[in-house]
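First the structure, in the form of structure tokens, and then the observations on it.
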Amino acid sequence: MRKKKKSIPAYVALLAVASFWVAGGVGALDVLGNASSPMAMLTGLYLMLALVAVSIIITVLALTDLTRRASDSKRRRRMMQ
């Protein structure tokens, strides 16, 4: 049970990124469509680009952590046999 508790932050990060992408897919185009000026639209695009980059980094780190934990547990099981 302890092993599963240690991986909860990675699962929470993946869930947060997935919900970010769903919310972004639903509302991002509406926000850009209502931009008052080209500069506001450009600023919004840069902000979205930064958020997408951060979400990709978080996803890679979470998946790397979960993969490492899975391979460590398999390695320990082999050593105990």
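The values are calculated or read from the model by the stated rules, or taken from the named source; none is laboratory data. In this text, all values refer to a predicted model and were calculated from it rather than measured experimentally. Positions of Cβ are generated from backbone atoms using ideal geometry, with glycine treated the same way; all protein chains shown enter the neighbour counts. Accessible surface is based on the protein model in full, side chains and every heavy atom, while ligands, DNA and RNA are left aside. Shrake-Rupley method; radii C 1.70, N 1.55, O 1.52, S 1.80 Å.
Summary of computed values
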{"quantity": "Selected residue (criterion: least open to solvent (accessible area, probe 1.4 Å)) from residues of segment 26-68 that are touching a helix residue (DSSP H, G or I) at 6+ places or on another chain (Cβ under 7 Å) and touching a residue at least 40 places away in the same chain (Cβ under 8 Å)", "calculated": "Ala62"}
{"quantity": "Wholly within the chain, helices (runs of 4 or more DSSP H) carrying at least 1 residues that are in contact with an Asp or Glu (Cβ under 6 Å, 6 or more places away or on another chain) and among the small types (Gly, Ala, Ser)", "calculated": "8-33"}
